[in-house]
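Asks: First the structure, then my questions, so here it is.
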Amino acid sequence: MIKRIIAILFLAAVLGSAAVYILRRESAVTPQGNPDSYFEGYYYEPLEQKRVQCFLCPNHCNLAEGKFAVCKARKNIGGKLYTMNYGRIASLHVDPVEKKPFFHFLPGSNVFSVGTTGCSMRCFFCQNWEISQAFPDDVQTRPATPRQLVDEAVKSGAPVIAFTYNEPVVAFEYMIETFKLAKAKGLRTAVVSSGYIAEEPLRELLKYTDAYKVDLKAFSEKFYRKLTGGHLEDILRTLKIIKESRVWLEIVTLLIPGENDSPEEIRSLARWVRENLGTDVPLHFSRFFPKYKLNNLPPTPPETLIAARSIAMQEGLRFVYTGNVANPEGETTYCPGSGETAIARQGYFITRNNLTDGACPNGEKIPGVWK
Amino acid sequence: MDKSLLIQPLVAGLSVGAFCLTRCFPFMAPLVAAEDRPLHRNLFIVLEFLTGRLAGYLCFGILAGWLGERFGSRWLKLGTDLSFILLSIVLVFYLLGLIREQGLFCRASTFFRTRSPALMGFLMGINICPPFLLSVLYVFAQKSPFYGMVYFALFFLASSVYFLPVIFLGMLARAKELRAIARLSGFLAAFIFFFYGIYSLFRL
């Protein structure tokens with residue numbers, strides 16, 4: 001009798017552990033089980049032999065059946081393009097708006113920040129590569145519909161909801177559906193992006209967006225080709241369209257030693273911004289720290305950032321900042337006419353705000369979204 | 001080398017070791033309990049299996065560190081599916097006695113005759129499970145074959161703690177009926193994983 005019980009237990013343990021393993025693996029491979037539950041992507045065209053072509057970003061991926069796009073977020077299933085990261089949150093935090101960074105957009109506010117997985121670029125210096133270079137099934141995600149997300153954002157008390165951390169554009173459908181609901185609930189919306197997006201979806205996205213931060217990663221096509229997998233021209237086009245749309249725009253450039261930090265390149269970048277976007281667009285120069293595939297490089301010397309700020313201001317830009325470095329001058333917004341302090345910051349926090357409805361004590365208006 | 005680079009794989013191994021055992025159990029338990037052997041011989045079999053598993057981890061670690069970004073997840077999945085199929089075949093051959101001293105395949109091969117637990121351990125080691133996959137992603141970022149090896153060696157050590165009780169399963173094999181059940185469970189596990197591997201390989 002005892003032998004029989006032991007035998008049954010043994011058999012159950014072996015088969016049970018086999019079943020547990022297979023079930024766990026299956027739930028990781030196909031978390032939603034049924035392909036019908038995936039969200040069909042916008043901006044694609046079905047082609048012959050069940051191929052599809054995606055037009056969301058400038059990569060224009062042409063995909064055979066069963067293949068993922070470069071972004072690792074969109075997949076051709078049975079001749080239709082599906083977004084595999086729809087409703088799957090890989091990262092969620094409430095951050096200060098200054099962390100994005102936005103310095104002229106509701107300063108001191110909290111931002112309900114959402115990240116999914118995937119990216120249309122392959123930056124060697126990516127700061128969030130764990131999620132940006134992953135397939136949705138490679139990392140732990142939690143499900144949330146756009147409505148659930150907006151409800152959570154409202155509950156958090158943050159006045160802004162942002163798609164950030166990985167490239168938001170690869171979760172285009174999820175983001176835009178969320179933004180529509182967020183606007184209806186009175187939230188502001190923000191996008192923190194590389195700017196690598198095709199024109200038509202960008203114009204659609206801008207209808208529901210209040211602030212857009214673009215990483216202008218360098219001002220040379222060579223850099224973009226070598227270290228990002230994107231193209232400078234596409235980013236510059238995005239910047240112009242955002243500026244025309246009147247959505248609030250800020251630009252960040254991460255200065256990487258020996259790669260994009262030459263005074264000539266910084267001067268060209270600042271000149272282009274002045275000539276094409278105007279002098280009021282805030283430009284942030286951010287300090288690089290060794291990460292991902294550029295572990296071999298040193299951090300950016302603070303002097304490089306200070307010099308870059310100085311060059312950009314010489315070129316006529318009025319609001320140039322430094323980030324990831326202790327430099328009070330580079331963290332402060334000044335009233336351009338009087339030189340008085342408008343907003344003083346320390347890290348991500350505001351230590352003094354002298355603006356009233358975006359105006360300096362002398363009445364001078366500072367461009368931005370202040371309430 | 002940064003201390004955290006050594007602590008991370010140990011913590012990862014300890015935290016997912018129980019899951020690793022669940023994964024190996026359907027193959028390991030029949031292997032240990034299908035024949036009546038003294039305890040020290042079972043210890044040897046488990047160690048052999050674990051050594052094979054270590055070899056699998058190390059090979060995979062070097063490959064992951066060396067290939068860096070070029071190794072996409074779809075290739076990892078293909079590797080897992082194929083290793084399921086091979087593992088099932090080796091287990092069935094072992095249970096049928098085809099790769100033992102008088103076995104059909106082993107008259108000419110000392111390796112198969114004496115090293116089948118190690119071979120199964122190796123196939124288990126290269127058989128990638130989700131926590132292992134996370135470790136792989138981490139090693140990708142380091143882009144160093146040496147660190148890849150160190151990482152997987154430490155991950156192996158920590159996760160192996162959970163395998164030690166399996167040695168005592170061999171005591172069940174003293175009863176003939178239990179040996180038969182061990183064999184039966186081995187065949188069933190091999191059957192399940194073989195067809196799961198095929199299904200997984202060919203699905204969309």
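The values are calculated or read from the model by the stated rules, or taken from the named source; none is laboratory data. Being a predicted model, the structure only gives us computed values, none of them experimental. Every residue, glycine among them, receives a Cβ derived from its backbone with ideal geometry; neighbour counts consider all protein chains shown.
Asks: Out of all the residues in region A:117-130, which are outside any loop (DSSP other than H, G, I, E, B) and out of contact with any Phe, Trp or Tyr (no Cβ under 6 Å at 6 or more places or on another chain)? Walk me through how you get there before you give the answer.
Replies: Of region A:117-130, the ones outside any loop (DSSP other than H, G, I, E, B) are A:129-130.
Passing the criteria: only A:GLU130.
Asks: Determine the pairs where a residue that is not assigned by TED's automatic domain parsing to the domain that holds A:VAL191, located within region A:207-234, has a partner that is crowded, with 19+ Cβ neighbours inside 10 Å and of a type in the set (S, T, N, Q) with Cβ atoms under 7 Å apart, the partner being 6 or more residues away or on another chain.
Replies: Partner pairs satisfying both residue conditions: none exist.
Asks: Condition first: in contact with a strand residue (DSSP E or B) (Cβ under 8 Å, 6 or more places away or on another chain) and in a helix (DSSP H, G or I). Now tell me which residues in region A:172-189 satisfy that.
Replies: Taking region A:172-189 as the starting set, the residues that turn out to be in contact with a strand residue (DSSP E or B) (Cβ under 8 Å, 6 or more places away or on another chain) are A:172-175, A:178-179, A:182-183, A:187-189.
A:PHE172, A:GLU173, A:TYR174, A:MET175, A:THR178, A:PHE179, A:ALA182, A:LYS183 - these are the residues of region A:172-189 that are in contact with a strand residue (DSSP E or B) (Cβ under 8 Å, 6 or more places away or on another chain) and in a helix (DSSP H, G or I).
Asks: Within region A:131-151, is even one residue surrounded by fewer than 23 Cβ atoms within 10 Å (Cβ to Cβ), more than 14 Å from every other protein chain (Cβ to nearest Cβ), out of contact with any Ser or Thr (no Cβ under 8 Å at 6 or more places or on another chain) and assigned to a loop (DSSP other than H, G, I, E, B)?
Replies: yes
Asks: Mind checking whether some residue in region A:341-358 is of a type in the set (D, E, K, R) and buried (at least 19 other Cβ atoms within 10 Å of the Cβ)?
Replies: The initial filter retains those residues of region A:341-358 that are of a type in the set (D, E, K, R), namely A:345, A:352, A:357.
From what's left, buried (at least 19 other Cβ atoms within 10 Å of the Cβ): A:345.
Scanning region A:341-358, I find at least one residue that is of a type in the set (D, E, K, R) and buried (at least 19 other Cβ atoms within 10 Å of the Cβ), so the answer is yes.
Asks: Filter region A:4-30 down to residues that are at the interface with another protein chain (Cβ under 8 Å from one of its Cβ atoms) and farther than 22 Å from B:VAL32 by Cβ and give me whichever is modelled with the highest pLDDT.
Replies: A:ARG24
Listed here are the residues, each with its yes/no results for (1) under 30 Å from A:LEU232 (Cα atoms); (2) assigned by TED's automatic domain parsing to the domain that holds A:VAL320; (3) surrounded by fewer than 23 Cβ atoms within 10 Å (Cβ to Cβ).
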site	(1), (2), (3)
A:GLY118	yes, no, no
A:CYS123	yes, no, no
A:VAL154	no, no, yes
A:PHE163	yes, no, no
A:PRO168	yes, no, no
A:GLU173	yes, no, yes
A:ILE176	yes, no, yes
A:LEU181	no, no, yes
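Asks: If we keep just the residues of region B:151-181 that are buried (at least 21 other Cβ atoms within 10 Å of the Cβ) and under 19 Å from B:PRO26 (Cα atoms), which is farthest from the other protein chains (Cβ to nearest Cβ)?
Replies: Ranking the qualifying residues of region B:151-181, first place goes to B:PHE156.
Asks: May I ask you to list the residues in region A:274-308 that are aliphatic (A, V, I, L, M), more than 19 Å from A:PRO328 (Cα to Cα) and in a helix (DSSP H, G or I)? Break it down stepwise before answering.
Replies: Of the residues in region A:274-308, the ones aliphatic (A, V, I, L, M) are A:277, A:281, A:283, A:294, A:297, A:305-308.
Filter again for more than 19 Å from A:PRO328 (Cα to Cα), leaving A:277, A:281, A:294, A:297.
Result: A:LEU277, A:LEU294.
Asks: For region A:310-318, does any single residue satisfy the condition of being touching a strand residue (DSSP E or B) at 6+ places or on another chain (Cβ under 7 Å), on the phi < 0 side of the Ramachandran plot and hydroxyl-bearing (Ser, Thr, Tyr)? Spell out how you get there, then give the answer.
Replies: Taking region A:310-318 and keeping what is touching a strand residue (DSSP E or B) at 6+ places or on another chain (Cβ under 7 Å), we get A:312-313, A:317.
The next check asks that each one be on the phi < 0 side of the Ramachandran plot; those that pass are A:312-313, A:317.
Filter once more, keeping what is hydroxyl-bearing (Ser, Thr, Tyr): none.
No; the residues of region A:310-318 include none that is touching a strand residue (DSSP E or B) at 6+ places or on another chain (Cβ under 7 Å), on the phi < 0 side of the Ramachandran plot and hydroxyl-bearing (Ser, Thr, Tyr).
Asks: Checking A:PRO361 against (1) within 27 Å of the chain's Cα centre (by Cα); (2) modelled with pLDDT under 95, only one condition comes out false. Which one?
Replies: Looking at each condition in turn, A:PRO361 falls short on (1).
Asks: Which residue pairs have Cβ atoms under 6 Å apart, sit 6 or more places apart or on different chains, and have a first residue in region A:301-326 that is in contact (Cβ under 8 Å) with a residue 24 or more places away in the chain and in the same structural domain as A:ILE266 (by TED's automatic domain parsing) and a second that is of a type in the set (S, T, N, Q) and part of a loop (DSSP other than H, G, I, E, B)?
Replies: If the second residue must be of a type in the set (S, T, N, Q) and part of a loop (DSSP other than H, G, I, E, B), the pairs left are A:GLY316/A:THR279; A:LEU317/A:THR279; A:ARG318/A:THR279.
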